1. Applying the selection to the range A:268-303, what residues are of a type in the set (Lys, Arg) and under 22 Å from the mean Cα position of the chain (by Cα)?
2. Please verify whether A:Ser376 is within 14 Å of chain B (Cβ to nearest Cβ) and either touching a Phe, Trp or Tyr at 6+ places or on another chain (Cβ under 7 Å) or small (Gly, Ala, Ser) (or both), treating the condition exactly as stated.
3. Across the range B:250-283, what is the number of residues that are under 15 Å from A:Leu86 (Cα atoms) and within 15 Å of ligand 2 (Cβ to nearest atom)?
4. Restricting the search to the range A:232-262, which residues are farther than 30 Å from A:Leu43 by Cα and part of a strand (DSSP E or B)?
5. Within the range A:173-198, work out how many residues are more than 25 Å from A:Asp243 (Cα to Cα), in a loop (DSSP other than H, G, I, E, B) and in contact (Cβ under 8 Å) with a residue 24 or more places away in the chain.
6. For the range B:308-345, how many residues are over 21 Å from B:His36 (Cα atoms), modelled with pLDDT of 80 or more and within 16 Å of ligand 2 (Cβ to nearest atom)?
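The values are calculated or read from the model by the stated rules, or taken from the named source; none is laboratory data. As the structure is a computational prediction, the values presented were derived from the model and not from experiment. Glycine gets a Cβ as well: all are built from the backbone with ideal geometry, and neighbour counts include every protein chain shown.
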Amino acid sequence: MNRFAELLDRLGYEPGRNNKLRLLTAYLRDTPDPDRGYALAALTGALSFKHAKPGLIRDLIMDRTDPVLFGLSYDYVGDLSETVALMWPKAPLPGHNNPPPPTLSEVVTTLRTLGKTELPKQLARWLDELDETGRWALLKLVTGAMRIGISARLAKTAVAALGDKDPHDIELIWPGLAPPYPDLFAWLEGRGDKPVNSDPAPFRPVMLAHAIEDTDFSNLDPADFIAEWKWDGIRVQAVSGRDERGQMQARLYSRTGEDITKSFPDLVPSLHLSGAIDGELLVLREGRVQTFNVLQQRLNRKVVSPKLIKEFPIHLRAYDLLGEDENDLRELPFAERRAHLEKFIKKLDDPRIDLSPTVAFDSWDALMAARADPASAGAGEDAEAVEGVMLKRREAPYLPGRPKGQWWKWKRDPHIIDAVLMYAQRGHGKRSSYYSDYTFGVWTSGEGGEQLVPVGKAYFGFTDEELLQIDRFVRRNTTEKFGPVRHVVHEPEQGLVLEVAFEGLARSSRHKSGVAMRFPRISRLRWDKPPREADRLETLERMLKDVTAN
Amino acid sequence: MRPQDILMPVPAGLCCKPGGFHIDPVRPVERAVITHGHSDHARPGHGAVLATQETLDMMRLRYGDNFARTTQAIRYGEEMRLGDVRIKFHPAGHVLGSAQIAVSCKDTCIVASGDYKDAEDPTCTPFEVVPCDVFITEATFGLPVFRHGDAADEVKKLLASVALFPERAHLVGAYSLGKAQRVIALLREAGHDAPIYLHGAMEKITYYYESRGIALGELRPVKGVKKADLAGTITLAPPSATSDVWTRRFPDPVTAFASGWMRVRGRARQRGIELPLVISDHADWDGLTATIAATGAGEVWVTHGQEDALVHWCKSRGLAARPLDLVGYGDEEEHESAAADEAEV
Ligand SMILES: [Zn+2]
Ligand SMILES: [Zn+2]
């Protein structure tokens with residue numbers, strides 16, 4: 001467990017993809033079975049056991065430490081698991097016969113069968129035996145909060161490197177494998193045959209687009225590309241196929257390959273033809289695409305009630321076909337796959353699944369005009385759900401990952417306003433011990449004259465250097481403290497103006513200002529601007545009108 | 001005599017009226033007694049300075065020959081009369097030449113420990129527990145989450161990374177006085193005998209350590225070395241330099257940082273560190289509490305750092321304790337970066 005913890009810890013700090021791969025491959029090579037198999041399962045999200053609640057962890061530490069010291073420590077560190085891992089008292093273990101720290105396999109297999117009442121005692125025993133990093137990883141694992149910044153795809157690529165295999169081969173057999181993957185490692189190390197995948201509806205690793213820059217256009221010929229709308233929904237892969245008994249199996253995968261079928265039972269009956277569709281999940285009401293805000297209310301629900309299904313009818317808008325019956329179409333050029341797709345959707349003939357239309361254009365200027373005004377370029381009433389255009393090379397095969405020069409996304413310009421920093425809160429986790437969560441507001445006339453009304457919260461967009469500057473500003477200009485929240489001076493002549501960029505705007509009754517921003521981020525610090533020159537609520541309301549008028 | 005009649009915090013620092021001197025004054029004073037050479041404790045412009053030979057030498061290296069009107073060196077264990085008090089220097093284990101200063105008047109003894117650590121360090125004399133009535137302790141790492149572990153293990157981590165990434169350079173951010181030399185010495189103890197490279201700002205002080213008989217192996221200035229030749233090497237640099245354009249001279253550098261702050265992940269991430277090394281020249285929580293208990297002091301004054309937690313701990317043990325409101329001191333590493341205002345909280 002300590003060795004796995006060390007790997008997690010190091011991965012969390014390492015930004016480079018290739019370096020992450022090296023760390024992963026080195027770990028997988030040096031760690032014996034079954035530990036490395038369970039590690040691979042943990043990294044690919046393939047482990048399942050009941051997670052411990054944070055309250056349980058809190059109780060454990062409260063029994064062992066002074067509550068005042070715990071409070072001060074938690075406030076400083078900002079993350080419960082890390083605080084507990086760091087301050088867990090050294091166990092006064094008698095003699096030299098201390099038990100060895102648990103292995104990862106021991107932890108995983110024990111957690112699978114452990115009764116709820118035995119969990120606290122078992123956890124405490126492990127925490128006594130592990131070192132700081134081991135305790136941290138254990139707590140992240142048992143609370144289900146292990147975020148390590150690597151994708152399942154990267155972990156599989158690292159495994160492939162063990163046996164000099166193509167990561168793609170791992171993806172193909174992956175659905176048929178189970179932790180701790182002894183047959184996979186045996187094959188990779190030349191000790192066994194290639195495992196076979198018997199999954200009738202497997203996931204195919206997705207192809208991703210690059211964000212296009214102004215300078216890219218000069219090197220690209222419009223004639224080589226097909227354009228589509230970029231929908232503001234959820235990218236999914238809908239796969240159907242017949243199992244050994246001839247039963248049709250349908251699955252919906254997220255872009256990372258997570259099986260999300262259970263959340264969308266209403267779409268399953270529509271997937272009645274054997275094939276693999278790449279498309280966008282949207283909510284449609286009376287044939288009209290709803291905004292992302294609406295779709296969001298359908299996501300991440302524990303229970304998918306009939307009411308939810310009725311109020312948020314799910315829809316799949318298809319833009320690519322990766323396979324049909326037994327045939328893998330991914331090697332074909334996009335233009336040909338598109339032709340297959342059009343036929344497939346026609347044959348499917350289902351109201352829940354339609355074709356994402358192409359956008360006609362003969363020059364980049366024409367496409368720019370379409371992107372600026374999707375409503376009059378074919379998107380019609382759905383224009384509000386368009387976040388830009390996608391450019392796909394006619395000749396491009398479907399390549400996993402983000403291959404250069406094949407697909408581009410060209411987003412609509414983000415909106416920008418100048419707002420005033422009003423409140424700041426310490427970041428939890430990554431930004432702990434810094435004031436990194438900011439509530440900002442714009443001016444409006446109220447009963448007492450001009451006042452600031454909060455319009456959003458931003459957690460990112462700034463550089464580390466800027467974070468230090470804001471953090472210092474917050475500490476020096478606090479007017480009041482409410483628990484973790486600091487009120488920061490925000491007067492017409494005194495305060496900090498933040499340039500905030502955001503992707504979209506919607507009416508909201510939950511916000512005092514009546515508007516809600518999508519994806520706001522700090523794009524610049526305007527030390528040069530006095531708060532009185534910041535934007536007004538009317539500006540946002542005008543933007544809102546512009547959006548709906550489109 | 002009450003302890004606060006012997007030593008009292010004033011804006012210039014800790015003032016000893018009956019002895020006619022200040023300890024680690026932050027403003028120019030007539031007579032200064034200085035615990036160690038870090039710039040927040042040892043400042044220029046005083047009349048007379050009393051300190052260990054090493055501390056005086058470091059001040060001279062940093063500020064030039066005229067950093068004080070007169071200087072006087074004192075050895076560990078040496079006692080001296082100043083006005084109505086007696087003072088005695090004891091090793092603090094923080095950096096080369098660092099001292100705790102015991103101030104006695106009649107039968108009351110106060111120990112101003114400056115910065116200290118009770119962990120092993122091959123580059124300085126080990127910390128010594130000095131029994132006293134009042135113990136003045138720092139609290140840089142005064143929270144129970146700061147447990148620093150064995151520095152040798154952290155150095156092993158660094159060497160493992162060098163072995164895994166032989167084509168990359170490893171850049172270790174370390175405060176140039178004390179931490180850098182300790183890291184080098186630990187690398188040598190771990191069997192790393194390749195040349196170690198130095199950022200220009202580290203050279204003078206590191207060669208000074210060598211001149212005091214501390215063996216650091218082969219050292220080379222990094223300036224002028226070809227990029228490709230730095231693959232697989234270790235370079236020590238001031239923490240601020242590791243996030244600078246200066247790093248572009250290294251092949252795909254791994255940025256490490258040797259500091260007690262690295263115990264907290266958020267801190268390390270914040271600074272863009274890829275390889276945090278928990279190596280501290282300050283006592284950790286267990287060190288602080290064990291030392292306080294070992295001095296037998298009935299009263300504890302707590303200064304720079306996380307005073308609240310340590311004061312609370314002392315009180316829960318039945319000790320009289322209070323924070324000393326001294327300004328102008330910080331953790332030296334944080335001094336070099338912008339995050340020094342933690343002290344405001
Ligand atoms: Zn110091
Ligand atoms: Zn200090």
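1. A:Arg298, A:Arg301, A:Lys302 - these are the residues of the range A:268-303 that are of a type in the set (Lys, Arg) and under 22 Å from the mean Cα position of the chain (by Cα).
2. Spelling it out, it is not the case that A:Ser376 is within 14 Å of chain B (Cβ to nearest Cβ) and either touching a Phe, Trp or Tyr at 6+ places or on another chain (Cβ under 7 Å) or small (Gly, Ala, Ser) (or both).
3. Qualifying residue count for the region: 2.
4. A:Met248
5. Within the range A:173-198, residues that are more than 25 Å from A:Asp243 (Cα to Cα), in a loop (DSSP other than H, G, I, E, B) and in contact (Cβ under 8 Å) with a residue 24 or more places away in the chain number 2.
6. Of the residues in that region, 2 qualify.
Here is a yes/no grid of residues against (1) assigned to a loop (DSSP other than H, G, I, E, B); (2) within 24 Å of the chain's Cα centre (by Cα); (3) free of Cβ contacts under 8 Å to residues at least 40 places away in the same chain:
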| position | (1), (2), (3) |
| --- | --- |
| A:Val108 | no, no, no |
| A:Leu138 | no, yes, no |
| A:Gly149 | yes, yes, no |
| A:Glu171 | no, yes, no |
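Residue-wise test of (1) modelled with pLDDT under 95; (2) surrounded by fewer than 17 Cβ atoms within 10 Å (Cβ to Cβ).
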{"position": "A:Pro94", "(1), (2)": "yes, yes"}
{"position": "A:Pro100", "(1), (2)": "yes, yes"}
{"position": "A:Thr143", "(1), (2)": "yes, yes"}
{"position": "A:Arg147", "(1), (2)": "yes, yes"}
{"position": "A:Ile150", "(1), (2)": "yes, no"}
{"position": "A:Lys156", "(1), (2)": "yes, no"}
{"position": "A:Ile173", "(1), (2)": "yes, no"}
{"position": "A:Ala186", "(1), (2)": "no, yes"}
